[in-house]
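This report refers to the structure that appears directly beneath it.
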Amino acid sequence: MPDATFKIFRGDRDGGELYEYKVPIAPGMVVLDALHYIQAHDAPDLAVRWNCKAGKCGSCSAEVNGRPRLTCKTRLDALPLDQPITVQPMKSFPVLKDLVTDVSWNYRVNKKIPPFTPRPNVEWKMDQREVDRVQEFRKCIECFLCQNVCHVLRDHEKQEQFGGPRFFVRIAGLEMHPLDGLSRTELLKEELGIGLCNITKCCTEVCPEDIHITDNAIIPLKERVVDDFYDPVRWFLRKLSGKKH
Amino acid sequence: MAESRTATVRSGFGVTMRRDAWWVELIPVVVILGAFTVYATWRTFENNYYEFGPYLSPFYSPLIKPKWWPLSPAILILWAPLGFRATCYYYRKAYYRAFFLDPPGCAVGESHPHRYSGETRFPFILQNLHRYFLYVAIVFLFILWYDAIAAFWFPSATGKHFGIGIGSLVLLVNIILLTGYTLSCHSLRHIVGGNVDCFSCVVAGGPRHGAWRGVSFLNERHMLFAWLSLISVGLADLYVRLVASGAIADLRLL
């Protein structure tokens, strides 16, 4: 059985470097299998976060050959094995140890979002076509690969002003919910900085759940923000009618 | 972020651990969009060879030539389709990546540090007016459809008679692609039904849901229509220019 060479980041928030490991290849093997092999045979202290190994828990996110991926869904036979495979932690989050990052910033952003708030006296009945539209957003497994690849967070480090694609997906699910009665456009504009997104679609490209983040969540939310804050005709009509939204 | 981050991946322009040729996808955008911009600018100011028989170049339609305007009539109208494309959600992605390199590719480093305000400040905050360019673009669609139909009616001694020239087909294909591009617009998708949360609670919810689904179907192909219509409008103008200048003869099929 041929070996694959892995270069894996070992270190913590103070620094680290890539260490080389040899792993025998088996049919159907994924990168997470290789990490487990290295843990079992070469480096029992290698820190890797994982849980389901089935692409559903969103725990094993990392950067494989520079691309944000779930290591449990990245097959070795899809990678060029003539060169070392690099595995690094997500760049946008602080490293705790090796491949494990501190993603707690995401949970702090999540707390800013008002939860589902039904309209007063709403009838608890939903039309299937309305459910179909928001169902896509419920597929998110919170792997945070979209947050990691988003250049607003990754390169510009706007964590204090920007919510990131994952939370625009969550808000889209709430805003388009047929029974929800709350508007979150002001939150989107002021606190979560949706205007900072320049829709370059990297979030959509890396989503392992194939959620059309940009087209179905971010752009529709941007349009709703335009409705409430930038459309001069709607602004005039709101002034005439006295309505806020 | 408050916490310090370990430099697991170095920052800096073009820095990445990606092995693939991520820069390849920038090349067609730079070449096609750049070539179109140069050609369209030249044609706008050329102010000649935009009409031949029943054909009118889409760069000059509607043809408005007020006496007080000494320059090319194209300048009076091209702001509308230009604004529609410049604020288009697809083209924004394309030119932010290919021309502004912000970012040059996914998980590829940018020039660092530089000020970044996304679409929150002038001039990019004006991207929020895309829907108004859409409204104007829809008016242009009607005008260009008129032109395309008129391109099948050739002048003769007894009036106009039906015929088919290569130019007729060029203008027809062009307007079909422009229609696909306009009707697949993200703002249109929002306006026809995307802004509705509860289709069963609003007036005409069924038709609005149907319209939203229809535009959504086209919207999935928005990038395709964006490129095809950009190329077709450029080629349609080029064809009219070539026949109007006498460089080629218009082949009549009927």
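General remarks:
- The shape of chain B can be summarised by an equivalent ellipsoid whose semi-axes, obtained from the alpha carbon gyration tensor, come to 39, 25, 17 Å from longest to shortest.
- Stokes-Einstein D for region A:148-224, Kirkwood Rh over Cα pairs, 37 °C, 0.692 mPa s (µm²/s): 261 µm²/s
- Accessible surface buried by the B/A pair amounts to about 5300 Å², both sides summed, 1.4 Å probe.
- Rolling a 1.4 Å probe over the heavy atoms of the protein chains gives region A:104-241 an accessible area of 42 Å² per residue.
- Partnerless cysteines in the protein assembly as shown, where a partner means another cysteine C-beta under 4.7 angstrom, comprise A:60, A:72, A:140, A:143, A:150, A:197, A:207, B:88, B:185.
- Note on chain A: Rg/Rh from Cα positions, Kirkwood definition for Rh, rounded to two decimals, is 1.06.
- Residue-averaged beta-carbon neighbours from other chains (10 angstrom radius) around A:192-205: 6
- Each peptide in A:11-20, A:123-132 was scored by the mean count of other Cβ atoms within 10 Å over its residues; highest first, the order is A:11-20, A:123-132.
- Volume per residue that the Cα convex hull of region A:32-90 spans, once the total is divided by residue count, Å³: 87 Å³
- For the protein assembly as shown, average projected area of the Cα convex hull in nm²: 30.3 nm²
- For the protein assembly as shown, with all protein chains in place and a probe radius of 1.4 Å, 61% of the accessible heavy-atom surface sits on carbon or sulfur.
- Cα-centre dipole for region A:3-101 with unit charges at Cβ (Lys and Arg positive, Asp and Glu negative), debye to 20: 480 debye
- Within straight-line cross-link reach of residue B:160, lysines at Cα separation under 29 Å, skipping those fewer than 8 residues along the same chain: B:65, B:67
- CD proxy at 222 nm, helix term only [per DSSP H run n ≥ 4: -39500 (n - 2.57); per residue of chain A; nearest 500]: -7500 deg cm²/dmol
- Partners of residue A:243 within straight-line reach, counting aspartates and glutamates whose Cα lies under 14 Å from its Cα and excluding those fewer than 8 residues away in the same chain: A:227, A:228.
- Here's the picture: charge each Lys and Arg Cβ at +1 and each Asp and Glu Cβ at -1 in the protein assembly as shown, and of A:105, A:40, A:214 the one pushed furthest to the positive end of that dipole is A:214.
- Burial of accessible area (probe 1.4 Å, heavy atoms of protein chains only) in region B:118-149, relative to its chain alone, reaches at least 40 Å² for B:119, B:128, B:131, B:132.
- Number of Lys-Lys pairs in region A:104-241 with C-alpha atoms under 30 Å apart and a separation of 8 or more places or on different chains: 27.
- Cα-based reach from residue A:7 at 23 Å (exclusive), listing lysines while leaving out same-chain residues under 8 positions away: A:22, A:53, A:73, A:91, A:97
- Taken about its Cα centre, chain B carries a charge dipole of roughly 220 debye when the Cβ of each Lys and Arg holds +1 and the Cβ of each Asp and Glu holds -1.
- Rounded to the nearest 20 debye, the dipole size of the protein assembly as shown about its Cα centre is 1080 debye, using +1 on the Cβ of Lys and Arg and -1 on the Cβ of Asp and Glu.
- Threshold 20 Å², region A:2-32 residues less accessible with all protein chains present than alone (1.4 Å probe): A:9, A:13
- Helix runs (DSSP H) in chain B reaching 24 Å along axis by Cα, Kyte-Doolittle at least 1.0: B:130-150, B:166-183, B:222-244
- Using C-alpha pairs under 8 Å with a sequence gap of at least 6, the mean separation divided by the residue count of region B:109-254 gives a relative contact order of 26 percent.
- Within region A:118-142, the residues that become at least 20 Å² less accessible when every protein chain is included than when their own chain is isolated (1.4 Å probe; DNA, RNA and ligands ignored) are A:119, A:129, A:130, A:133.
- Look at the dipole of the protein assembly as shown built from charges on Cβ: of B:169, A:174, B:52, the Cα furthest out on the positive end belongs to B:52.
- Calculated P(r) of region A:104-241 - Cα pairs past 22 Å, %: 39 percent
- Cβ neighbours within 10 Å from other chains - mean over B:193-204: 5
- Solvent exposure of chain B as accessible area per residue, Å², 1.4 Å probe: 49 Å²
- Volume per residue of the convex hull around the Cα atoms, evaluated for region A:3-101, comes out as 91 Å³.
- For region B:82-167, the fraction of alpha-carbon pairs in successive 5 Å shells from zero, as %: 3, 11, 14, 15, 11, 9, 8, 8, 7, 6, 4, 3, 1, 1, 0
The values are calculated or read from the model by the stated rules, or taken from the named source; none is laboratory data. From a predicted model like this one, the values you see are computed outputs, not experimental measurements. A quick note on method: Cβ atoms are made from the backbone with ideal geometry, for glycine too, and the neighbour counts reach across all protein chains shown. These accessible areas exclude ligands, DNA and RNA; they are computed on the full protein's heavy atoms, side chains included. Shrake-Rupley method; radii C 1.70, N 1.55, O 1.52, S 1.80 Å.
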